[in-house]
Structures are given as structure tokens and as C-alpha cells.
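Input: a single structure, listed below in C-alpha cells.
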Amino acid sequence: MGNPTSVLGLRSYIRNIRASGLVLAMPALLLLSALFVLPVLILLSRSFLDPQPGLQNYAELLSSSSYRTILFNTFIVSTTVTLVTLAVGFPVAWLLAVVSRFWAMAVFAVILLSMWTNLLTRTFAWMILLQSTGVINRALIALGVIDTPLALTNNLIGVTIGMTYIMFPFIVLPLYATMKAMDPAVLRAASLCGASRLQCFLHVFLPNCASGIVAGCLMVFVMSLGYFVTPVLLGGPSYMMLAELIVQLIQSMLNWGLGAAAAFILFAATLALYALQIRLFDPLTDARKG
């Protein structure tokens, strides 16, 4: 049995530490409440109260075929961009994890430079590259691959290309961190036990990358759900997404109730995805189990 006095003293010390931490965090909590929690609550209330109390805004969003199409487009574009970004980013992250430090830093510099470039500038650059008289179509025609220019803008292809380029760093960085933290001895042990390269990849390497894959995909998917500039410029009206709909409802049509309902649907989907990630890959839960 431990000394009761020492145990009580330890508990009192922990309570004091927690109280001090709460006092220090109070300014940040107040700022977060004023700039995030309060606007979200106001947005939620307007979705139920404007123009009259009830669920008519949500009912209209879900019953209208036009609004359902926009919701469908939003999730289809976000899913497509996430899968393509993962397919492109996974081998790049693996390459960064195995090459020398010099080359890894050089590639990282290029990736970070693309992140620091203005978003609108990057999107307009893709508009120039992908248009019917752009560099890509001209090169393909010159090489004899195609006879007529391909339609690479105002469709899902253009949105996917532009958003994949923008989202690329957000999946490479978590994947690289996960791969770099992996112990190479685990792969060598699997190989010594008779596993083939494919088996090592599928049963050892890929499961160890699961947390990085989920974190990167969730980040890309959630950011894609609320993206505005790139889908508007490269997708056109046929691939309108929820963010553009919210802007039109509030700024052009002054329909705050319907716009707030659409925004809250987007917010709820983001929270649900985040809760799923915490449920599946919570480091604190894993530490307690260990």
C-alpha cells in the first residue's frame, strides 16, 4: 500500500496543474469560441429558422434533383481526387523515403514551392495548359497521338488534374513520415522468412503505412469537399460543387437559410469523417491499449 498522504498530495498537484493549464488556455478558448463556435451555432440556427422555423431548407436540398446532383458531384469529385492523389503520391513518398538526403530535400523543396505559390495563379496555369490550344493538346497533336484536341477543361478531368496537383503535398507529407518511421528490419525479417516482394509489400509494408494513408486521404478528401476556386475555373457549371452553391445561395440569391443548411451539411460530413479517423486511428487509444 502506498502512503495515503503522498497519494493525496499527488492528486492535489495534478489538479493544480490542470487548473493552471486551463487558465493559460482560456484566451485561446475564448478566441476559438468567438471566431469558430459562435459562427457555427449562428449558421446552424439560420438553417432551421430562416425564412421560417422548421426543416424545410434541408428538405429542399435533399428533395431537389438539382441540389442532389451538386451534392453527388461534390462527393464524386472529392473521392476521385483523393484516389488519384493517393495513386500519384504513394510512390513519390516511397521514393523520398529511400533516396539520399540531398535528393529528398531537393524534391521536398519543389513540393513546398508549389504549396507557396498562389492558388489562383496555379489554377490559371492549368487552364492555359489544359485548354484546346494549350501546351498539352498541342504536344499530343504534334506527336500524332490525337487528331483533334481533347476536352480537358469544364469537366471532371480538368477538376481532377488541377486539384490533384494542389492536394499532392498534403498526402505526400504524412505518407513520407509514416514510411520514414518504419523499421527496415521488419521487411528484412519478412524476406528472411520466405515472403516474396509482393507479400512483403501487401502484408508488411502496406499495413504499416495505413495510418499515413488514412491521415493523408482524410486531409485531401475534407479539403476537396470545401474547395471553391479550382472547381469553378476548371469544372464549369456541369460540375458545380457544394462550396460554389453556398456562395451563389448567399451572395447572389441572398437565401441565407438554404445556404446555411448546405454549409452545415458540409460541416457535418467533415466532422463525421474526422470522428471516423479518430475511431480507427487514435494514437491515445493505441497507447492506452499498449
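Read the figures in this text as sums done on the coordinates, not as results from a lab. Remember, it's a predicted structure, so these values are computed and weren't measured experimentally. Every residue, glycine among them, receives a Cβ derived from its backbone with ideal geometry; neighbour counts consider all protein chains shown.
Here are the numbers:
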{"read-out": "Gain on full stretching of the segment that runs from Leu43 to Thr121 - 0.36 nm per residue minus C-alpha separation", "value": "24.9 nm"}
{"read-out": "Fewest-first ranking of Met163, Met182, Met26, using other Cβ atoms within 10 Å as the exposure measure", "value": "Met26, Met182, Met163"}
{"read-out": "Mean residue ellipticity (222 nm) of the chain, computed from DSSP H runs ≥ 4 via -39,500 (n - 2.57), nearest 500", "value": "-24000 deg cm²/dmol"}
{"read-out": "Modelled label reach - Arg138, point 7 Å along Cα→Cβ, segment 96-130 residues with backbone N closer than 16 Å", "value": "125-130"}
{"read-out": "Whole-number D in µm²/s for the chain (Stokes-Einstein; Kirkwood sum over Cα pairs; 37 °C, 0.692 mPa s)", "value": "143 µm²/s"}
{"read-out": "Globularity index of segment 138-290, i.e. its alpha-carbon radius of gyration over 2.2 N^0.38 Å", "value": "1.45"}
{"read-out": "Approximate spin-label separation Val186-Leu62, in nm, with each point projected 7 Å along Cα-to-Cβ", "value": "4.2 nm"}
{"read-out": "FRET efficiency, Ser100 to Leu254 (Cβ-Cβ, R0 51 Å, nearest 0.05)", "value": "0.30"}
{"read-out": "Residues Leu233, Leu206 arranged by fewest to most Cβ contacts within 10 Å", "value": "Leu206, Leu233"}
{"read-out": "Sorted by Cβ neighbour density within 10 Å, fewest at the top, the residues Cys200, Cys193", "value": "Cys193, Cys200"}
{"read-out": "Stretchable slack from Phe201 to Phe72, in nm (0.36 nm times residue separation minus alpha-carbon distance)", "value": "43.0 nm"}
{"read-out": "Among Leu225, Ala243, Leu254 - extreme Cα towards positive end, dipole of segment 112-261, charges at beta-carbon", "value": "Leu225"}
